[in-house]
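Here's the structure we're looking at; comments come further down.
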Amino acid sequence: MRTRTTKPLFVALALALALAGQAAAQGREEIAVTGAREWLALADSGQYGSTWDQAGQLFQGSTPREKWEASLSAARKSYGNVEQRNLKTVVVTESLQGAPAGKYVVTTFETKYAQAPAATTEVITSVLETSGQWKVVGYNVKPIEGQNGQASGQQQPQQGQQGQGQQGQGQQQPPQQGEQKPPQSN
C-alpha cells in the first residue's frame, strides 16, 4: 500500500518542481522585458548616455559611449517623442547567429513616434550576464513594412548589436536597411 500512496506523492512533487521551474523561467523572462522597458524609458527621456551605462558588456565593448550618444540623439530627434509603444513578441533563446552562447531575450515592440511617418518596430536584445542581471546588448528600430511591401520612414542607426569579431579590428560594419545585427563573439 505504501507504494501506491508514495507514487502519487512522487508524481505530485515532480509536477510541482516542473511548474516551479517553468515559473522561474517565466519570471526571468519578465525581468528581462522589464529591464528592456526601463532601458527604453531612459532613451525616451533623452538620457542617451545612461542607456550606454546600463547596457551590457557586449554593447559597451562594440560602441564607444560618445558615438552611441550622438547616434541615438540624432535618430530620436528625427523621430520625435514616443506616442505609443506596445509589446509584440518576446523570444527566449540560448543562441543568436554570430553571438556568443548565452541566455538571450529578444523583445519586440511596435512603437509610434510623433514625427515618424509610420509605426516602427523596436527590437531590444538582452543577455543574462555573469552577474545574474539582464543587460541590453542590442537595439534596433526599423519601419514596419507597408502594404505594398516597401519599408516606410527612416531607419534609426543600429549600435551595440555587433561585436568585434567580424572584422577583427573592432570596427563596425553598418547594417543594411531593416537588418538586426546581434552581438558577435571575439
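The values are calculated or read from the model by the stated rules, or taken from the named source; none is laboratory data. Remember, it's a predicted structure, so these values are computed and weren't measured experimentally. Every residue, glycine among them, receives a Cβ derived from its backbone with ideal geometry; neighbour counts consider all protein chains shown.
Among the residues in the stretch 87-95, are any on the phi > 0 side of the Ramachandran plot, free of Cβ contacts under 8 Å to residues at least 24 places away in the same chain and not in a strand (DSSP E or B)? Within the stretch 87-95, none of the residues are on the phi > 0 side of the Ramachandran plot, free of Cβ contacts under 8 Å to residues at least 24 places away in the same chain and not in a strand (DSSP E or B). Scanning the stretch 96-111 for residues that are part of a strand (DSSP E or B), more than 20 Å from Thr130 (Cβ to Cβ) and touching a residue at least 60 places away in the same chain (Cβ under 8 Å) yields Thr107, Phe109.
So that you can scan it fast, the table gives a plain yes or no per residue for (1) surrounded by 15 or more Cβ atoms within 10 Å (Cβ to Cβ); (2) under 16 Å from Ala36 (Cα atoms); (3) among the basic types (Lys, Arg); (4) at pLDDT below 95:
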| position | (1), (2), (3), (4) |
| --- | --- |
| Pro117 | no, no, no, yes |
| Gly132 | no, yes, no, yes |
| Gly138 | yes, yes, no, yes |
| Pro143 | yes, no, no, yes |
| Gln155 | yes, no, no, yes |
| Gly163 | yes, no, no, yes |
| Gln173 | no, no, no, yes |
| Pro183 | yes, no, no, yes |
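I'd like the residue in the stretch 66-103 that is surrounded by 12 or more Cβ atoms within 10 Å (Cβ to Cβ) and among the acidic types (Asp, Glu) and, out of all such residues, is farthest from Tyr139 (Cα to Cα). Applying the filter and picking the extreme gives Glu83. Considering Thr63, Thr108, the condition of being polar (S, T, N, Q), surrounded by 15 or more Cβ atoms within 10 Å (Cβ to Cβ) and at pLDDT 95 or above is satisfied by Thr108 alone.
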